[in-house]
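Below is one structure; the comments refer to it alone.
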Amino acid sequence: MKKNEFKTEKLLKGEVNIYDFESVKLYAYKTNDFLSDEVFIIEKNGKSVIIEQPCFFDNIKEFSEYIESKNLMIEGKLLSYHMAGASFLTDVPVYATKNASDFSHTGGAKALIENFTAAFGEIFDKSISDVTNYISEGPLNISGIDFNIIMTQDAFNIEIPELGAVYTHMLGHNCHSIVAGGGHAEAIISELEKYINEGKSLILTSHYTPEDLKDAQIKIDYIKSLKQIADESAGADEFKFAVAGKYPNYGGANYLDMTAGFFFPQKQ
């Protein structure tokens, strides 16, 4: 399955791209919100599992209505990095690891949620989902759909064997990402190289449409360049200027600001 082999259904705000793997379907909801969020549904034999959830109230309403219109039977929400938006499908069980729960309730994601609340106000659902089903690394089956959970420092990635796909937090081959310093950069490179070596057909991320291995290589090259520019820069402003100059058409300037803060925490 190639990343552009889908049909699109336009909604009032967002859109849903549907990938048909015959026995399994992938619904990729592009929210078009301020954070460029993506939400995914895996459907098999009339049952479905959601990966992540929308966090703006208008998207929550829109996607909930879409799910109802398609008669999708949602059996679980796999929430890794995006636990804000707890008003979305409140009766559906929430699956997550302990570290992912901690990340959103007391860790780095909680601080981000507070920042987003301050920035967006009442249109943003700041409520954080509580975990009903704690999971651990390794194979996981929810209502006949197989997953493989891979622990990360903050949360977890998700392999979906029947799609030949993997979900991770951020990729985006032509936009900036949050890179929390040199060590994190190396971890991202190692992760993407692993996906390339394994021949994943699709890489799903929560801030971009599904991508492929060519996109992964582009991101690897970008992060290597990012590290080099950081090594050659005296401070955050010089770093951001150089990166923006080399990648003038990249989106996600706010993520570049955050990356600069990680590489130069005392020099902003």
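The values are calculated or read from the model by the stated rules, or taken from the named source; none is laboratory data. Everything numeric in this text was worked out from a predicted model, so none of it was measured. All Cβ positions, glycine included, derive from the backbone under ideal geometry; neighbour counts span all protein chains shown. These accessible areas exclude ligands, DNA and RNA; they are computed on the full protein's heavy atoms, side chains included. Shrake-Rupley method; radii C 1.70, N 1.55, O 1.52, S 1.80 Å.
Per-structure values
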| item | result |
| --- | --- |
| From the options 130, 125, residue that is touching a residue at least 60 places away in the same chain (Cβ under 8 Å), under 30 Å from residue 57 (Cβ atoms) and among the acidic types (Asp, Glu) | 125 |
| Members of segment 1-34 found to be of a type in the set (Ser, Thr, Tyr), part of a loop (DSSP other than H, G, I, E, B) and open to solvent by 20 Å² or more (accessible area, probe 1.4 Å), listed by number | 23 |
| Top-ranked residue of segment 105-150 - restricted to ones that are part of a helix (DSSP H, G or I) and among the aliphatic types (A, V, I, L, M), ranked as farthest from residue 204 (Cα to Cα) | 118 |
| Unique residue being out of contact with any Lys or Arg (no Cβ under 8 Å at 6 or more places or on another chain), open to solvent by less than 10 Å² (accessible area, probe 1.4 Å) and either basic (Lys, Arg) or at pLDDT below 85 (or both) when the list is 219, 240 | 219 |
| Pair list, Cβ under 6 Å, 6 or more apart: segment 135-158 residue among the acidic types (Asp, Glu), other residue open to solvent by less than 10 Å² (accessible area, probe 1.4 Å) | 137/149 |
| Subset of segment 227-260 that is among the hydroxyl-bearing types (Ser, Thr, Tyr) and in contact (Cβ under 8 Å) with a residue 40 or more places away in the chain - its residue that is farthest from residue 174 (Cα to Cα) | 259 |
